[in-house]
Amino acid sequence: MPEGLESIVGRHYSTGKLIELTVAGGRIAAVNGLAEDIGSEVKGGAESGTGIGIGVGTLSDAGGGIPWLAPGLVDLQVNGSFGIDFNTLPLRMEDVSGITRLLQAGGVTSYCPTLITNSSAAIGEAAAAFAAAVRSDPAAAAGIAGIHLEGPFLSPEDGPRGAHPAEHICPPDWEAFVRWQDAAEGLIRIITISPEWPEAPSFITRCSDAGVIVSIGHTAASPAQIREAIAAGARMSTHLGNGTHLSLPRHPNYLLEQLAADELWGCMIADGFHLPPSLLKLILRMKCEQAILVSDAVSLSGMPPGHYRLHIGGEVVLTEEGRLHLAGNPGLLAGSAMQLAEQVAGLACSGLAGLDEAWNCASLHPAGLLGLPQAAGLAPGAPADIVSFRRDGARLKLLDCWKNGVKSRCSVE
Ligand SMILES: [Zn+2]
């Protein structure tokens with residue numbers, strides 16, 4: 001292998017074929033198929049030629065085998081992780097850099113740090129902190145695909161509002177958004193709003209014209225308002241089925257309207273706690289190539305099980321299974337603590353999607369929405385954002401992660 005080139009051998013996560021990826025200059029230079037009889041290690045590999053095609057409830061590798069290779073994961077909604085909350089100020093640059101590295105160790109090669117409803121000054125300060133991190137740290141610049149601003153232009157109603165603080169919820173305000181975008185040095189790529197405000201359509205049009213993706217979420221909008229938002233340029237739904245009223249009119253309603261809208265990419269939290277399997281299946285079937293898995297991870301993601309105290313939410317419990325609930329009311333979730341790769345494994349184990357389809361929902365699909373070159377996947381010319389893993393029972397054992405061709409060891413099993 002000539003100097004400057006790296007060869008990565010493994011099974012393609014979708015086709016099951018044995019492949020060699022040649023990496024040069026941070027990109028995938030070539031993808032070549034290999035013969036199945038190149039070595040004894042290969043013979044112990046998983047079933048070939050039919051994709052991963054796992055059965056319900058298991059991801060086992062059928063006797064070991066060489067690693068699987070898949071594109072790096074892309075997470076559009078990360079509120080924090082590993083004990084750091086992106087919405088608790090001051091936000092230190094080293095924390096941003098550290099989380100970027102740790103997410104990568106969990107297979108996430110691109111992500112959107114998510115800022116939620118807060119005072120105007122606090123949103124500006126947090127946005128400026130990410131801009132500074134991207135300016136000074138090349139690894140943060142490579143890993144951060146843009147800020148996702150979730151709020152403050154959301155529904156003021158209890159239920160749809162979720163945990164967003166009521167005192168800072170307000171109608172869409174273009175001047176305020178421009179101030180935050182200036183503070184972010186143009187880094188805001190997604191904004192979640194509720195279209196129930198009369199100001200919404202004109203705000204959405206301005207965002208679309210500026211290249212910012214508008215997502216519908218935390219909404220009490222009427223179906224007509226959902227359609228107006230789509231006509232104005234809204235392109236995504238934020239965590240469909242969560243951040244809603246407890247009861248909805250049988251039809252029409254804002255959930256069905258978004259499910260049925262081909263224009264909208266649909267994000268879902270598949271941690272096994274936020275949505276029932278039937279709704280996950282509906283989103284997968286209705287959105288197809290536009291179905292997206294997000295972690296919506298809060299600061300306790302990546303932390304050991306136990307009792308914690310959160311800035312918003314108070315006393316909470318993180319269980320062995322990864323469920324995060326209020327200590328005083330175990331029936332109420334306090335956010336999502338599961339990392340994206342675990343959600344991919346969980347969705348595949350549920351039998352609702354093959355592992356390759358679940359993986360695409362957390363990699364190619366979100367990259368496609370953002371217009372990233374990573375949407376090409378394991379293809380010549382694409383950035384060498386690659387994850388190798390083994391399948392182990394109900395989990396994925398991540399081995400190595402490459403970001404723009406730079407390799408690091410993974411820490412998540
Ligand atoms: Zn939310």
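Out of Arg135, Arg206, Arg101, Arg179, I need the residue that is under 21 Å from Cys401 (Cα atoms), in a helix (DSSP H, G or I) and not hydrophobic (A, V, I, L, M, F, W, C). Which one? So that I can check it myself, show each step before the final result.
Values: Arg135 fails: under 21 Å from Cys401 (Cα atoms); Arg206 fails: under 21 Å from Cys401 (Cα atoms); Arg179 fails: under 21 Å from Cys401 (Cα atoms).
That would be Arg101, the only listed residue that is under 21 Å from Cys401 (Cα atoms), in a helix (DSSP H, G or I) and not hydrophobic (A, V, I, L, M, F, W, C).
Only one of Pro366, Pro380 is in contact (Cβ under 8 Å) with a residue 24 or more places away in the chain and either under 20 Å from the mean Cα position of the chain (by Cα) or in the same structural domain as Pro138 (by TED's automatic domain parsing) (or both); which?
On the way: Pro380 fails: either under 20 Å from the mean Cα position of the chain (by Cα) or in the same structural domain as Pro138 (by TED's automatic domain parsing) (or both).
Just a single option satisfies the conditions, and that option is Pro366.
Where residues in region 146-176 are part of a helix (DSSP H, G or I) and acidic (Asp, Glu), which of them is farthest from Ile230 (Cα to Cα)? Step through it out loud before you land on a result.
Keep residues of region 146-176 that are part of a helix (DSSP H, G or I), which gives 166-168, 174-176.
In the following step, the residues that additionally are acidic (Asp, Glu) were identified as 167, 175.
On the way: Glu167: 28, Glu175: 22 Å.
Among them, the one singled out is Glu167.
Taking Ser48 and the conditions (1) at pLDDT below 80; (2) surrounded by 16 or more Cβ atoms within 10 Å (Cβ to Cβ), which numbered condition does it fall short on, given that it satisfies the others?
Tallying (1) at pLDDT below 80; (2) surrounded by 16 or more Cβ atoms within 10 Å (Cβ to Cβ), Ser48 fails exactly one: (2).
Take the residues in region 264-286 that are part of a loop (DSSP other than H, G, I, E, B) and among the hydrophobic types (A, V, I, L, M, F, W, C); name whichever of them is surrounded by the most Cβ atoms within 10 Å (Cβ to Cβ). Working first, answer last.
Taking region 264-286 and keeping what is part of a loop (DSSP other than H, G, I, E, B), we get 264, 269-276.
Next cut, among the hydrophobic types (A, V, I, L, M, F, W, C) only: 264, 269-270, 273, 275.
On the way: Leu264: 23, Ile269: 24, Ala270: 31, Phe273: 17, Leu275: 19.
Residue satisfying both the conditions and the ranking: Ala270.
Give the residues of region 17-45 that are small (Gly, Ala, Ser), open to solvent by less than 20 Å² (accessible area, probe 1.4 Å) and at pLDDT 50 or above, sorted by residue number. If you could, list the steps in order and put the result at the bottom.
Filtering region 17-45 down to residues small (Gly, Ala, Ser) leaves 24-26, 29-30, 33, 35, 39-40, 44-45.
Checking which are open to solvent by less than 20 Å² (accessible area, probe 1.4 Å) leaves us with 26, 45.
Scanning region 17-45 gives a single hit, Gly26.
Identify, please: which residue in region 220-241 is among the polar types (S, T, N, Q) and within 16 Å of the ligand (Cβ to nearest atom) and is, among those, nearest to Gly162 (Cα to Cα)?
We begin by selecting, within region 220-241, every residue among the polar types (S, T, N, Q); these are 222, 225, 237-238.
Among the residues that remain, those that are also within 16 Å of the ligand (Cβ to nearest atom) are: 237-238.
Details: Ser237: 15, Thr238: 13 Å.
Within region 220-241, the match that is nearest to Gly162 (Cα to Cα) is Thr238.
Go through Asp158, Asp173 for me and flag whichever is open to solvent by 30 Å² or more (accessible area, probe 1.4 Å), out of contact with any strand residue (DSSP E or B) (no Cβ under 7 Å at 6 or more places or on another chain) and free of Cβ contacts under 8 Å to residues at least 24 places away in the same chain.
Details: Asp173 fails: free of Cβ contacts under 8 Å to residues at least 24 places away in the same chain.
Only one candidate qualifies: Asp158.
Please tell me if Ala129 is surrounded by fewer than 18 Cβ atoms within 10 Å (Cβ to Cβ), among the aliphatic types (A, V, I, L, M), away from the ligand (no atom under 14 Å from the Cβ) and part of a helix (DSSP H, G or I). Write out each step before concluding.
Values: surrounded by fewer than 18 Cβ atoms within 10 Å (Cβ to Cβ): no; among the aliphatic types (A, V, I, L, M): yes; away from the ligand (no atom under 14 Å from the Cβ): yes; part of a helix (DSSP H, G or I): yes.
Spelling it out, it is not the case that Ala129 is surrounded by fewer than 18 Cβ atoms within 10 Å (Cβ to Cβ), among the aliphatic types (A, V, I, L, M), away from the ligand (no atom under 14 Å from the Cβ) and part of a helix (DSSP H, G or I).
Looking only at region 53-68, decide whether some residue is outside any loop (DSSP other than H, G, I, E, B) and either modelled with pLDDT of 80 or more or at negative phi (or both). Before you say what the answer is, go through the steps one by one.
Within region 53-68, the first condition is being outside any loop (DSSP other than H, G, I, E, B), and the residues that meet it are 68.
Of the ones still in play, those that are also either modelled with pLDDT of 80 or more or at negative phi (or both) are 68.
Yes, the conditions are met somewhere in region 53-68.
Does region 287-297 include one or more residues that are open to solvent by 60 Å² or more (accessible area, probe 1.4 Å) and at pLDDT 95 or above? Outline the logic, then answer.
Applying the first criterion (open to solvent by 60 Å² or more (accessible area, probe 1.4 Å)) to region 287-297 yields 288-289.
So of that shortlist, the ones also at pLDDT 95 or above come out as 288-289.
Yes: one or more hits.
So if I check each of Val316, Val344, which one is touching a Lys or Arg at 6+ places or on another chain (Cβ under 8 Å), open to solvent by less than 30 Å² (accessible area, probe 1.4 Å) and in the same structural domain as Ile269 (by TED's automatic domain parsing)? Walk me through it before giving the result.
Numbers: Val344 fails: touching a Lys or Arg at 6+ places or on another chain (Cβ under 8 Å).
Matching residue, one of Val316, Val344: Val316.
Here's the yes/no breakdown for (1) closer than 17 Å to Lys397 by Cα; (2) touching a helix residue (DSSP H, G or I) at 6+ places or on another chain (Cβ under 9 Å):
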residue: His325; (1), (2): no, no
residue: Ala345; (1), (2): yes, yes
residue: Ala348; (1), (2): yes, yes
residue: Cys361; (1), (2): no, yes
residue: Ala376; (1), (2): no, yes
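Please go through region 156-187 and give me each residue that is within 16 Å of the ligand (Cβ to nearest atom) and among the hydrophobic types (A, V, I, L, M, F, W, C), ordered by number. Let's see the steps before the verdict.
At the first step, the residues of region 156-187 found to be within 16 Å of the ligand (Cβ to nearest atom) are 156-166, 168-169.
Ala163, Ala166, Ile169 - these are the residues of region 156-187 that are within 16 Å of the ligand (Cβ to nearest atom) and among the hydrophobic types (A, V, I, L, M, F, W, C).
Scan region 242-263 for residues that are within 16 Å of the ligand (Cβ to nearest atom), within 21 Å of the chain's Cα centre (by Cα) and either assigned to a helix (DSSP H, G or I) or modelled with pLDDT of 95 or more (or both) and jot them down.
Result: Leu255, Gln258.
Just checking, does region 6-16 include any residue being modelled with pLDDT under 95, in contact with a Ser or Thr (Cβ under 7 Å, 6 or more places away or on another chain) and closer than 28 Å to Ser336 by Cα?
No, because not a single residue in region 6-16 is modelled with pLDDT under 95, in contact with a Ser or Thr (Cβ under 7 Å, 6 or more places away or on another chain) and closer than 28 Å to Ser336 by Cα.
The values are calculated or read from the model by the stated rules, or taken from the named source; none is laboratory data. Since we're looking at a predicted model, the values are computed, not measured. Here the Cβ is made from the backbone with ideal geometry for all residues, glycine too, and neighbour counts use every protein chain on show. Heads up: the accessible areas ignore ligands, DNA and RNA and are worked out on the full protein's heavy atoms, side chains in. Shrake-Rupley method; radii C 1.70, N 1.55, O 1.52, S 1.80 Å.
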